[in-house]
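**Q** Dropping the structure in here first, questions after.
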């Protein structure tokens, strides 16, 4: 049955498909949460995917099948002949786009997007882009002109503009263009925190128009711990700490490496804690990678793992003496919020967004004082050895925001 005017939502799934086969990032998980929520809602849902050849439209069955693949419950299928024609796609992306084609309700070359949407979607369809991907003039104009729809965009942060030293030059310009598109075309902007809204609206005001906005904190959804997913050697024997996130400059892993290199000279071997780094290697961090690869601590007291499942990471975090987040900038900080929700002590940088999301739960430490960080780490290690793990700040409790609360706020407005 064709949906009534205004009774359909169109979710852009380009980011998820482009990252087929990779460990999900925080933004990936947000897009996946929207996929689940829109399919579960009573309003008809559709998915839009940009490929190397054009665009694909998914219906709810196709969206559910895509979710199964992203979550790992179903394997990605083989690459088709069309995907193999594109040299820009890696093998995983070829399989992702191939599956999207196999699941498609409709597909078109790029100039035909407006016509495809007009043929298959009702007038007034509400378009959602929550992945910082594919927000182009072609897409926004196709939605507005093809189905007289509205544009709803989530802005996760403005780090590329606020902290350009941590970004590749091309990503800065790409983000600037995206914010210009938000200013011109968005009917509603969804923000994950008040801090992000303040930063983004300042940038939007510089651009021109500031669209209506809504703050809806991201849901903190805990994965089931799966110790059986851990590779040999994890968790390490003895006391250990974890840090979760892409190894990129703004995450400031260098501070932790400095601390561990100093601690090993000051600590007797049986009391030396381990550091487990969970995250894929990112960009513009060659100096840190050089240090890590040549560190005598790697494999002894520092352990780097870039391909752990969510269940494996949850199992590691659950047993850790603490979770460490010395980030120089953040938009929300999902891994830190998840650690706090598990009752694991958190030491983090004193960032406004952390205080907004977690209040007094973490131990805040200045990034200018690595010795303070070391004292806090040593104190948590001693507490775990003494059987007092989970005491202190974590014992105050943390009621994390939920996806239910997020979507109750967002879907009333969009």
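Readers should treat all values here as calculations from the given coordinates under stated rules, not as data from a laboratory. Note that the structure is predicted; figures quoted are calculated from it, not measured. Using ideal geometry, Cβ is built from the backbone for each residue, glycine included, and neighbour counts are taken over all protein chains shown.
**Q** Between residue 144 and residue 53, what FRET efficiency follows from the Cβ-Cβ distance if R0 is 25 Å, with the result rounded to 0.05? Let's see the in-between values first.
**A** On the way: r = 24 Å, r/R0 = 0.95.
For R0 = 25 Å, the calculated efficiency reads 0.60.
**Q** Given the -39500 (n - 2.57) contribution per DSSP H run of 4+ residues, what per-residue ellipticity at 222 nm results for the chain, rounded to the nearest 500 deg cm²/dmol? Please report the intermediate quantities before stating the final value.
**A** Numbers: 17 runs with 177 residues, N = 414.
After summing the helix terms and dividing by the residues of the chain, the value is -12500 deg cm²/dmol.
**Q** Note down the relative contact order for the range 174-247 as a percent, whole number, built from C-alpha pairs under 8 angstrom at least six residues apart. Numbers along the way, then the final one.
**A** Details: 48 pairs, mean separation 22.7, N = 74.
Relative contact order here is 31 percent.
**Q** Kindly work out what percent of the DSSP beta bridges joining two residues of the chain are antiparallel, to the nearest 5. Let's see the in-between values first.
**A** Numbers: 7 of 44 bridges.
Here the share of antiparallel DSSP bridges comes out near 15 percent.
**Q** Give me 368, 217 sorted ascending by neighbouring Cβ count inside 10 Å, so fewest comes first. Show your work: numbers first, answer last.
**A** Values: 368 6, 217 20.
Fewest to most other Cβ atoms nearby, the residues stand as 368, 217.
**Q** Something else about it: Indicate the gyration tensor shape class of the range 52-170 (rounded, prolate or oblate), computed on the Cα atoms with a ≥ b ≥ c the square roots of the eigenvalues: a/c under 1.5 is rounded; otherwise a/b larger than b/c is prolate and the rest oblate. It would help to have the intermediate numbers written out before the result.
**A** Numbers: a/c = 1.59, a/b = 1.05, b/c = 1.51.
Judged from the Cα gyration tensor, the range 52-170 comes out oblate (a/c at least 1.5, b/c at or above a/b).
**Q** Right, another one. Could you please state, rounded to a whole Å, how far the C-alpha centre of the range 291-309 is from the C-alpha centre of the range 253-279?
**A** If you average the Cα positions of each part, the centres end up 11 Å apart.
**Q** If you line up the long axis of helix 60-70 against the longest principal axis of the chain, both from Cα atoms, how many degrees apart are they, to the nearest 10?
**A** Helix 60-70 sits roughly 30 degrees off the main axis of the chain.
**Q** Determine which residues of the range 97-134 fall in the zone a paramagnetic label at residue 74 would reach in this model, i.e. backbone nitrogen under 13 Å from the point 7 Å along Cα→Cβ.
**A** Those under the cut-off are 99-105.
**Q** Something else about it: Could you check the simple spin-label distance between residue 350 and residue 367, using points 7 Å along Cα→Cβ, in nm with one decimal?
**A** 1.4
**Q** Compute the Rg to Rh ratio over the range 227-396 from the alpha carbon atoms, using the Kirkwood formula for Rh, and round to two decimal places. Present the calculation step by step, with values, prior to reporting the outcome.
**A** Working: Rg = 14.7 Å, Rh = 16.0 Å.
Radius of gyration relative to Kirkwood radius: 0.92.
**Q** On a 0 to 90 degree scale, rounded to 10, what angle separates helix 253-266 from the longest Cα axis of the chain?
**A** 10
**Q** Now a separate question. Within the range 103-133, which residues have the backbone N less than 15 Å from the label spot 7 Å out from residue 7 along Cα→beta-carbon, could you tell me?
**A** Taking a point 7 Å out along Cα→Cβ of residue 7, the residues of the range 103-133 whose backbone N falls under 15 Å are 121-126.
**Q** Going by alpha carbons, how many degrees (0 to 90, nearest 10) lie between the helix axis of 91-103 and the longest principal axis of the chain?
**A** So the helix axis and the longest Cα principal axis differ by about 40 degrees.
**Q** Order the peptides 149-155, 188-194 from the highest to the lowest mean number of other Cβ atoms within 10 Å of their residues. Don't skip to the answer; put the middle values down first.
**A** Values: 149-155: 23.9, 188-194: 22.0.
The peptides rank, most packed first, as 149-155, 188-194.
**Q** Relative contact order for the range 227-396: what percent, with Cα pairs under 8 Å and sequence separation of 6 or more? Each step should come with its number before you reach the end.
**A** Values: 258 pairs, mean separation 41.5, N = 170.
Contact order relative to length: 24 percent.
**Q** In what sequence do 183, 309 fall when counting other Cβ within 10 Å, fewest first?
**A** Listed from fewest to most nearby Cβ atoms, that is 309, 183.
**Q** While we're looking at this one, here's another question. Defining a contact as two alpha carbons under 8 Å apart and six or more residues distant in sequence, what relative contact order in percent does the chain show? Don't jump to the answer; show the numbers that get you there.
**A** Values: 748 pairs, mean separation 57.6, N = 414.
With pairs under 8 Å counted, the relative contact order is 14 percent.
**Q** For 246, 133, 125, 402, what ranking results if the residue with the fewest other Cβ atoms within 10 Å of its Cβ goes first? The partial results should precede the final answer.
**A** On the way: 246 17, 133 20, 125 25, 402 14.
Placing the least packed residue first, the sequence is 402, 246, 133, 125.
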